[in-house]
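Visitor: Sharing a structure below in structure tokens format, with a few things to ask.
Each value in this text was obtained by applying a stated rule to the coordinates, not by laboratory testing. Remember, it's a predicted structure, so these values are computed and weren't measured experimentally. Every residue, glycine as well, gets a Cβ built from its backbone with ideal geometry; the counts of neighbours run over all protein chains shown.
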Amino acid sequence: MKRFACTLLVLALIVLLLSKSASRLAESITLCSIGLALALGEIVLAVINYRVSLGIDVVARTRAVHQLPGASCPKRRTSGRIRVFDGATVALSGSGSRAMVQHYATPHFVPGHRALALLRRTALHEVLLAHDNSTGQRVIVKRTLPGAPTHDLRREAGVLFWLEWAQMPIAAPRYIAYEERDGRSTLTMSYINGQTIEELAGAGRIAVSTLIRLLAQTCMTLDALHRAGYVHQDIKPANLILDRNGTLVVIDWGSARRHDLPYDPRTITCTPDFASPEQLCGMVLPGNDLYAIGKTLEALVPAPPPALARVIARATGPFAHRYATGAELAQALLAAHNDARGLL
């Protein structure tokens, strides 16, 4: 419409300059009027679109900040630009709008809970099993230790919120609440009733064939995650829980990042034994998760059948020869599973 209006105004100017009669002058005035009307209409539409986008933006932020369990999430997309918590400014179209919701998913409340057990303590965090007094359910509370940085836990809260909001087909803990108070961060999420595949394999309670099938399914869901622009960055046996329904749940999303944003390599976190050489150099690539799947199999299946050994070797081999997508690795794992069915 802008081009058409400008064209009419230019024609009107030409006619005005060349006109030698009253009729030509009238034509020029008519063209000018139409051109100005179109330009004005364009301005009005731009103002309307801006206000609509602003309204959607406010709704999205409000829902992100005050999201309650079970509440519906916004489905519409906005346009514009916004600064996400990883320190980069991105467009709010498609995946960018998800980054906005991810950034603003920081409610300032935590339901009252009673600690039941300390599950794990690291150099930065402690993870507790707790009883949620408002729902009567068991939950996981993960919080930073005094003096520890809060950005990883803030990122994990945002990613868990985004996974549910975007309806990603990947099993992960459900985001409940996030709070920053007195220099410490606290993330509350759903409790996954099950055991890690590290625990199951160590106790000899999971068959290799079952493990291959589950990891193949996980590769497919990781493929959807990668196509949405995110990488988990910390796939390992201790971060994969087999729940009571037989679903492999991916936990510990504090290292997850978008793979199309620039980062300071010093801020990239990972578990070195399962990290690709590229990830250790600070690169965020979808292939990092696939490499980690290969390392997970290598750690849990010390004497793999030949077909599976070839898949592991390719998944963890030189970058140029690795699997390009999670779907490709999943197909290779299922083929190895079929080839070695009698041996597993």
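Visitor: How many residues, within the range 271-284, are surrounded by fewer than 20 Cβ atoms within 10 Å (Cβ to Cβ) and closer than 18 Å to ALA313 by Cβ?
Guide: The number of residues fulfilling the criteria is 3.
Visitor: For the range 285-330, what are the residues that are surrounded by fewer than 18 Cβ atoms within 10 Å (Cβ to Cβ), touching a residue at least 60 places away in the same chain (Cβ under 8 Å) and not in a loop (DSSP other than H, G, I, E, B)?
Guide: Matches in the range 285-330: ALA299, ALA327.
Visitor: Let me ask another. For the range 166-200, name all the residues that are without any contact (Cβ under 8 Å) to a residue 24 or more places away in the chain and either touching a Ser or Thr at 6+ places or on another chain (Cβ under 8 Å) or part of a loop (DSSP other than H, G, I, E, B) (or both).
Guide: Listed by number, the residues that qualify are GLN167, ASP182.
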